[in-house]
1. Could you check, for segment A:301-322, whether at least one of its residues is within 16 Å of the ligand (Cβ to nearest atom), surrounded by 15 or more Cβ atoms within 10 Å (Cβ to Cβ) and within 21 Å of A:Val52 (Cα to Cα)?
2. Could you look through segment A:111-162, keep only residues that are in contact with a Phe, Trp or Tyr (Cβ under 8 Å, 6 or more places away or on another chain) and of a type in the set (Gly, Ala, Ser), and pick out the one that is farthest from the other protein chains (Cβ to nearest Cβ)?
3. Select, from B:Thr105, B:Thr138, B:Thr125, the only residue that is more than 30 Å from A:Ala74 (Cβ to Cβ) and in contact (Cβ under 8 Å) with a residue 60 or more places away in the chain.
4. State all residues of segment A:32-49 that are closer than 17 Å to A:Val231 by Cα and open to solvent by 80 Å² or more (accessible area, probe 1.4 Å); if no residue qualifies, say none.
5. How about segment B:113-136: which of its residues are more than 14 Å from chain A (Cβ to nearest Cβ) and buried (at least 22 other Cβ atoms within 10 Å of the Cβ)?
6. Got a number for residues in segment B:46-77 being in a strand (DSSP E or B) and more than 16 Å from the ligand (Cβ to nearest atom)?
7. So, in segment A:131-177, exactly how many residues are within 16 Å of the ligand (Cβ to nearest atom), open to solvent by 40 Å² or more (accessible area, probe 1.4 Å) and either free of Cβ contacts under 8 Å to residues at least 24 places away in the same chain or touching a helix residue (DSSP H, G or I) at 6+ places or on another chain (Cβ under 6 Å) (or both)?
8. Could you go through segment A:227-242 and let me know if any residue there is free of Cβ contacts under 8 Å to residues at least 60 places away in the same chain, within 14 Å of another protein chain (Cβ to nearest Cβ) and more than 15 Å from the chain's Cα centre (by Cα).
Amino acid sequence: MLNPFDAEAQFEGIGKLYPVLRILDEEGEIVDDTLYPDISDDELVELMKRMVWGRIYDTRVTNLNRQGVLGNYAPSGGQEASQLASQFALEPEDYLLPTYRDIPPLVMHGLPLHKAFLWYKGHVEGNLFPEGLNAMPPQVIIGAQIVQAAGLGLSFKLRKENRVVLTYIGDGGSSQGDFYEGLNMAGSFDAKAIFIVQNNGFGISTPREVQTRAGTLVQKAAAAGVFGIQVDGMDPLAVYSAVKFARKYATEGCGPVLIETLTYRYGPHTMSDDPARYRDDEELTAWEKKDQLIRMRKFLQKKGLWDDGIESQTEEQVRIEIKEALEKVRQTPGQTVDGFIDNMYSVKPELYKRQQESHAGRRHS
Amino acid sequence: MRQLTIVQALNEALAIKLEEDGDTLVFGEDIGKNGGVFRVTDGLQDKFGGDRVFDTPLAESGILGMAIGLAENKFRPVPELQFFGFVLEAMDSIAGQMSRYRYRTGGAKNLPITIRAPFGGGVHTPELHSDSFEGMVTQVPGIRVVVPSSPYDAKGLLISSIESDDPVLFLEHLKLYRSVKEEVPKEKYTVPLDKANIVRAGDGVTVVAYGQMVHEAVLAAEKSDASVEVIDLRTISPIDMDTIEKSVKKTGNVVVVQEAQRSSGVMGNLLGEIAEHCFMYLDSPPKRVTPPDTAFAFGAAENIWIPDSVKIEETIRETLEF
Ligand SMILES: Cc1ncc(C[n+]2csc(CCOP(=O)(O)OP(=O)(O)O)c2C)c(N)n1
């Protein structure tokens, strides 16, 4: 029996509720095969290819941003397992609500690469999704995606659809009012939703410890009556396994799931950020040693599924894709004020016609 | 004398108030160690300590709600919203709570809070960062909205705002942070609230603007053959109609400029006052230069959406040719 006045004991008890799920260790060894996911060799290779894709994408887009070719960019290097292994566990009919940092999983879900680039540049075409892509535009207002995911998750339940919505948020975002409201709503309605808190250690400069006194972020699920899982975010198999489980749990109507992935962002917050102001290189180096690509590479090499040849082939493939996407970006016509006005209402107000005349012909090159 | 940017001038104003008044508190997202994403609070935490200058969890409603609680116990909070585009998360604290607290307490209690926030556009921020939502707050009585357009004004207006016993929304234009430099005295001085500033005298046409548009208006005035008087509102709510009406009665022509969408903005209201009070003095219909009523332009196309000196000059010409 816990003593109701024993705060220490209570906190300690909470701490024990969320063991960190780890399947693949830093040496590429399976440490826990009881939770090893149902995943084929081909799928393992595909997952690794996607993570290599993610890493090259991050480096290339970072450079393109520095050269001024693309607009602002929120780097995703370090979060490949957290982002790409989670999306890999979804079905195409599932919905994705990404943040500004989750462009790689959005691309894997079906956003053409050149559209991603147009979004970085601040071009509306980036948000004009192809038919069949089940996703909302990248969310910039931190927390908004959480309440919206609760709504989508409820819609799947009401329509008796066998699919889920997966949304991401950062450790910083878990402080936002919308985060609590969304989680609570989702719980209250048994929404078919998966929330992934990618705990990469920092908001912009603000460390995770400043965000909350709570020992973990996953434990916030408990207050909403939501099931929670804490995962080694550098372990693609653990992330995949957790999301697979969560998908089944949520689609079966058991309720939403919150997953906290423990990960790290290697790069700056965005390209206008200078991490040297708030974190040291040692911390970065320590995290790089736990890197997801390293452990997955070792694991697959031991299984005879991966070698340098496949890796460089994959890298080359990414470079070609990026080159082609940049060409499409170059060919995309500039935006017009006329177009902005047309897109505001489905029935254009009379007043707008006058405004349209006074802005006629204004096109961005 | 030293030339400062607006970022530096604001930093100095904050340091002066933190030094002078132990009740002044500066807080917000990433404003401590990082010095704010625009570095306005750079070095302040080192100098004044983490109890006076601190990072908060990421939650705008929490930041402004806490400011109210702190002010209730006689602190003088200077919270920052990282971008004004995120004000929507905190609108209840602004429009529902702090602005009507004095009114609700029968004039007995004040909330001396100064909310700082970068606003406007033109610097290609990511989607939903640039916004000119000031019109939403200027509709709210009980909170002043102050917008500096120069480093000198920035420092003096921020000090006045912090010293004011009423809440102030202090909007700092993104594009002006580092693009203008001018002489700024090192010592403390104030620039009065509720007073517009004639930045360029003339007698042919009055052009009224605030924020970055003041600079576009001055550029237009310089290019124009006409004698143009440019007025910077400085406080956009409440508006100093006195200064404007005197000018309009003198010139007989008026062009107003805003970076916010056309409808329901500061300038529509201002023209209403002019119509009522200066009608008999007008030689031409007043004109407004604004973007259209769409959401703020996507980053790549901001420059075709935000008014510029060319459009302003054109409008001045049309007005005088009437
Ligand atoms: C409502 C809102 N407030 C503030 C911001 C500014 N901002 C953008 S990213 C960020 C930090 C987010 O940190 P976290 O949630 O941990 O996600 P990460 O960027 O690390 O993926 C902040 C403060 C925003 N975009 N939206």
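The values are calculated or read from the model by the stated rules, or taken from the named source; none is laboratory data. Since this is a predicted model, take the numbers as computed values, not measurements. So basically every Cβ, Gly included, is an ideal-geometry build from the backbone, and we count neighbours across all protein chains shown. SASA here: full protein model, heavy atoms, side chains in, ligands and nucleic acids out. Shrake-Rupley method; radii C 1.70, N 1.55, O 1.52, S 1.80 Å.
1. From segment A:301-322, those within 16 Å of the ligand (Cβ to nearest atom) are none; that's our starting set.
No, segment A:301-322 has no match at all.
2. Among those that are in contact with a Phe, Trp or Tyr (Cβ under 8 Å, 6 or more places away or on another chain) and of a type in the set (Gly, Ala, Ser), it is A:Gly153.
3. Values: B:Thr105 fails: in contact (Cβ under 8 Å) with a residue 60 or more places away in the chain; B:Thr125 fails: more than 30 Å from A:Ala74 (Cβ to Cβ).
Going through B:Thr105, B:Thr138, B:Thr125 in turn, just one is more than 30 Å from A:Ala74 (Cβ to Cβ) and in contact (Cβ under 8 Å) with a residue 60 or more places away in the chain: B:Thr138.
4. If we filter segment A:32-49 for residues that are closer than 17 Å to A:Val231 by Cα, which is where we start, we get A:32-37.
Those that are closer than 17 Å to A:Val231 by Cα and open to solvent by 80 Å² or more (accessible area, probe 1.4 Å): A:Asp33, A:Thr34, A:Leu35.
5. Taking segment B:113-136 and keeping what is more than 14 Å from chain A (Cβ to nearest Cβ), we get B:113-117, B:119-120, B:132, B:134-136.
Within segment B:113-136, B:Ile113, B:Thr114, B:Ile115, B:Arg116, B:Ala117, B:Phe119, B:Gly120, B:Ser132, B:Glu134 meet the criteria.
6. Quick first cut of segment B:46-77, residues in a strand (DSSP E or B) only: B:53-55, B:76-77.
From what is left, the residues that are more than 16 Å from the ligand (Cβ to nearest atom) are B:53, B:76-77.
Looking only at that region, the number is 3.
7. To start, the set of residues in segment A:131-177 that are within 16 Å of the ligand (Cβ to nearest atom) comprises A:136-149, A:166-177.
With open to solvent by 40 Å² or more (accessible area, probe 1.4 Å) added as a condition, the list becomes A:136-137, A:142, A:147-148.
With the extra rule that they be either free of Cβ contacts under 8 Å to residues at least 24 places away in the same chain or touching a helix residue (DSSP H, G or I) at 6+ places or on another chain (Cβ under 6 Å) (or both), the set shrinks to A:137, A:142, A:147.
So the answer is 3.
8. As a first pass, look at segment A:227-242 and keep what is free of Cβ contacts under 8 Å to residues at least 60 places away in the same chain: A:227.
Adding the requirement that they be within 14 Å of another protein chain (Cβ to nearest Cβ) leaves none.
Taking every residue of segment A:227-242 in turn, none turns out to be free of Cβ contacts under 8 Å to residues at least 60 places away in the same chain, within 14 Å of another protein chain (Cβ to nearest Cβ) and more than 15 Å from the chain's Cα centre (by Cα).
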